[in-house]
Amino acid sequence: MEFTEESVRAAVRTWLEANWNPDYGLVEWRNKLIDSGWGVPHWPSRWYGQDMPTGLLPVIDEEFQRIGAVGVATAGIRRLAAATILEHGTDLQKEKFLRRSLTGEDTWCQLFSEPGSGSDVAAATTRADFKGNRWVINGQKVWTSSAHHADWGLLLARTDWDAPKHKGLSYFIMDMRQPAVQVHQIRQMNGHASFNQVFITDAEIPPEHLVSEVGKGWAVTTTTLMHERRSADGLRNDSTGYDRPGRCYAEERTEIATVQEPYKWYPQRRGRVDLVIQRAKETGKIDDPVVRQEIAKLMILSKTAEWTARRARVAQAAGKPPGPEGSLGKLVLSHVARAAARVHTQLSGADALLAGEDGPMEGVIAEVLVSVPAISLAGGTDEIQRNIISERVLGMPKEPNSDATKPFRDVPRSASR
Amino acid sequence: MKFGFSGEQEEFRTVLRRFLTDRSPTTEVRKLMESPDGWDRAGWRALNTELGLTAVHVPEAHGGQGFGYSELGIVLEEAGRALLCAPLLATALAASAIMNAGTEDEQAALLPGIAAGDTVATLAVAEDGGGWDAADVSLTATRSGDGWRLDGGKSYVLDGATADLIVVLARGPQGLSFFTVAGNAPGLARRALKTIDTTRRLARLTFAGVAATPLGTPGSAAEPFARTMLQAAAMLANEMVGGAERLREDSLAYAKMRYQFGRPIASFQSLKHKAADMLVGVELAKAAAYYAAAALDEGDDDLAMVCHLAKASASEAYLQTAIHAVQIHGGIGFTWDNDTQLWFKRAKGSEVLFGDAHAHRDAMMRNWAA
């Protein structure tokens with residue numbers, strides 16, 4: 001079938017006008033949407049889609065926004081799970097998981113990082129052993145968002161210790177609702193607890209929940225991580241209805257709030273550049289020539305970061321091959337956040353010593369000062385970002401490694417505690 | 001606001017790059033920078049006639065191509081990349097001042113010669129104090145019979161010793177005023193200044209009762225002058241990011257080719273991270289330079305802030321890139337024969353021309369005056 005912007009816009013508009021009603025229950029509406037092919041139109045027609053080019057998704061998005069219709073579930077990492085299963089899963093897995101992920105009935109978490117493998121995710125040592133008729137899992141995962149309310153986990157585990165690092169891994173879907181899986185919150189230096197540690201002791205996974213083949217887990221992991229990176233920029237976490245009435249809007253707000261609750265401090269880790277001018281005026285520091293220079297440097301970084309991101313989006317939308325401007329965003333955010341923390345300190349003077357209700361802006365500034373270090377770590381450290389930029393964008397030689405070819409059991413690892 | 005170049009603009013850039021690679025190789029740059037004038041009239045005229053470089057942003061009604069600052073930005077970026085030794089920036093800037101300040105008749109008289117490449121023009125603003133603010137202007141314009149005469153000095157004038165036409169900012173009885181003066185006018189003494197960056201020439205001009213023609217109504221130059229300096233900041237920023245990117249690419253190529261300790265130095269993480277940081281610096285400065293040019297074409301509520309921001313960003317990025325480029329080249333990068341020094345000096349000169357990063361940061365903060 002031939003898709004054009006006009007035909008797609010007309011078709012989705014007609015369908016939405018005939019079918020959308022904010023008084024639907026959220027799951028009921030999404031099931032209707034999924035059956036219609038307008039929930040994930042870029043997916044294959046065999047699986048709820050219409051094989052539509054992704055370039056047309058913004059048109060469909062516009063029509064959903066115009067009428068105020070709620071889309072399929074995107075909050076949390078459901079979308080990553082669905083995209084991964086769609087690409088690598090069996091038909092059985094697709095039947096079982098795709099629809100319930102799109103409706104939002106199932107929630108997911110990602111069990112990749114471990115205490116001993118942070119930047120080096122492929123060095124995972126959580127083990128999966130096939131015993132009797134099922135996989136038995138033992139190990140520890142960390143930095144797991146949403147693990148405390150997830151139904152299912154995307155698990156990376158080692159199935160072969162004699163194979164080289166990347167070749168001994170397998171990818172599983174693990175039921176999080178079993179006593180062998182214990183979830184504990186991690187308290188961060190800013191006092192919040194946004195992530196979890198997951199202790200896995202003899203957890204069980206049926207063989208049909210292995211994704212792809214034994215030993216092919218790294219390729220599947222790469223798919224999940226690629227979708228994570230791609231969506232990091234455009235992930236919509238705003239509710240569709242804001243404060244509008246209607247059962248569907250209300251249920252969507254609850255769904256998003258549940259996922260977002262632990263991340264209330266995220267704006268602070270980016271430095272709160274939006275507060276700088278207002279604070280500078282309030283404190284009178286805007287007339288201090290030294291501070292003015294620092295504010296200007298921050299504004300230059302912040303504005304040019306924004307414009308660079310927009311250049312990248314425009315290039316992507318125009319179907320141009322990705323240029324360097326698309327790979328810099330993560331690293332630049334770190335620069336902006338650090339510069340903002342420095343400026344907020346200068347603006348606050350001695351008040352930068354104080355937190356909570358004694359601190360500037362009821363503690364918001366204090367939270368900026370102790371949250372900014374996170375931006376240089378989460379989702380790939382600044383150092384890893386520089387490696388990626390230099391190797392993939394600039395074509396510089398890869399880091400020499402001593403662990404890629406020898407059996408994993410012979411690879412040196414951090415001393416266990 | 002546009003955040004990408006059109007197919008036609010990309011095509012235009014490709015053509016320019018091909019021409020300039022051919023006409024302005026570093027052998028040619030080195031030859032011209034050793035020459036008395038710093039550029040070659042015949043060569044520049046041929047290139048300008050073929051490509052219409054000084055016609056780009058001049059209206060079609062006045063013999064130009066009628067494009068905007070985005071297209072002029074592309075020209076300047078490519079010229080900066082090739083380190084083209086020519087009075088391009090000087091002439092384009094003078095044309096902008098004429099478009100901002102001149103009446104239709106004055107524009108019709110002055111612009112066609114510039115667009116056709118017959119007239120090499122420049123803009124004289126700064127004086128011995130080296131400031132580009134209206135407050136720094138003390139050269140005086142006085143009535144003399146039916147005409148006007150100028151007395152005083154100008155300095156840091158781009159290609160001031162060789163330009164055919166000089167647009168002069170003066171203080172007259174009614175206030176700030178623009179005038180035009182022929183390069184060979186009686187009473188005008190021109191001295192070429194020794195510059196760090198010999199690929200871009202500056203001159204000190206002394207006016208002793210020089211007969212001058214008003215450009216626009218005398219006393220009404222404040223607004224067109226302010227606009228001209230924003231355009232100057234955006235133009236130079238675009239030229240600078242072209243040079244910065246060239247330096248960045250050349251250093252990267254060198255790092256991949258140079259072996260020490262049995263491996264290319266590009267494989268050392270200290271260099272990889274430096275190269276990544278250089279890319280970030282140049283890409284951010286490019287985003288600012290492009291945005292400023294687009295803002296001049298499309299209008300922007302914060303136009304002044306944006307243009308100052310672009311120049312401040314380019315000043316830091318170009319010099320920092322040049323410092324890294326010398327470092328990556330090692331000892332050879334400090335030699336006269338290595339081309340890195342050519343761009344290093346252009347970076348240094350451009351950093352200061354029309355005001356350094358500090359001055360532009362201070363100016364951009366006026367956007368948020370308390």
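Every number in this text was worked out from the coordinates using simple rules, so none of it is lab data. This one's a predicted model, so the numbers in the text were calculated from it and none came from an experiment. Please note: Cβ atoms are built from the backbone with ideal geometry, for glycine as well, and neighbour counts cover all protein chains shown.
Full extension of the chain between A:Glu2 and A:Val214 yields a length gain of 72.4 nm, computed as 0.36 nm times the residue separation minus the alpha carbon distance. In terms of modelled amide H atoms, which long-range or inter-chain residues lie less than 5 Å from the amide H of A:Glu105? So A:Glu105 has HN proximity to no qualifying residue.
Available extension along the chain between A:Arg9 and A:Arg134 is 40.2 nm, counting 0.36 nm per residue and deducting the alpha carbon span.
A straight line joining the Cα centroids of segment B:60-122 and segment A:122-166 runs 66 Å. Comparing B:Asp164, B:Asp105, B:Asp146 in a Gaussian network model of chain B where C-alpha atoms under 10 Å apart are linked, the largest mean-square fluctuation is found at B:Asp146. Across all directions of projection, what mean area in square nanometres is found for the Cα convex hull of the protein assembly as shown? Averaging across all directions leaves 39.4 nm² for the Cα convex hull.
Build a GNM of chain B with springs between Cα atoms under 10 Å apart, and of B:Ser70, B:Ser24, B:Ser313 the one that fluctuates most is B:Ser24. The string of couplings for segment B:203-213 from the Karplus curve (6.51, -1.76, 1.60, θ = phi - 60°) is 9, 10, 10, 10, 9, 10, x, 7, 5, 9, 9 Hz, one whole number per residue in order, with x for Gly and Pro. Peptide B:357-366 has a mean shielding of 4, counted as Cβ atoms of other protein chains within 10 Å of each residue's Cβ.
Only residues of segment B:25-62 count here: report those whose backbone N is under 19 Å from the spot 7 Å along Cα→Cβ of B:Glu104, or say none. Backbone N within reach: B:58-62.
Could you give the angle, 0 to 90 degrees to the nearest 10, between helix B:303-329's Cα long axis and the longest principal axis of the Cα atoms of chain B? Relative to chain B, helix B:303-329 is tipped by roughly 40 degrees.
Just so you know, the Rg over Rh for segment B:122-220 is 0.96, from Cα atoms, with Rh as the Kirkwood radius. Summary value for segment B:60-208: 21 percent relative contact order, contacts being C-alpha pairs under 8 angstrom separated by 6+ residues. Checking every one of the trypsin sites (Lys or Arg not before Pro) in segment B:181-267 against DSSP loop status and a limit of 12 other Cβ atoms within 10 Å picks out B:Lys194.
Spacing of the modelled spin labels on A:His42 and B:Asp301, each 7 Å from Cα toward Cβ, amounts to 3.2 nm. Going from the fewest other Cβ atoms within 10 Å to the most, the residues B:Val168, A:Val332 appear in the order A:Val332, B:Val168. Going by neighbour counts of Cβ atoms within 10 Å, the residues B:Lys274, B:Lys311 line up, fewest first, as B:Lys274, B:Lys311. 3J(HN,Hα) along segment A:284-299: x, 6, 5, 8, 7, x, 5, 5, 4, 4, 5, 5, 4, 4, 5, 5 Hz, from the Karplus curve 6.51 cos²θ - 1.76 cosθ + 1.60 with θ = phi - 60°, whole Hz, x for Gly and Pro. Kindly express, to the nearest 10 degrees and within the range 0 to 90, the angle between helix B:104-116's C-alpha long axis and the longest C-alpha principal axis of chain B. Computed tilt is about 40 degrees.
Taking chain A as a Gaussian network of alpha-carbon nodes connected by springs under 10 Å, the highest mean-square fluctuation of the residues A:Ala341, A:Ala355, A:Ala73 belongs to A:Ala355. Pairs of Cα atoms nearer than 8 Å and 6+ residues apart set the relative contact order; for chain B it is 16 percent.
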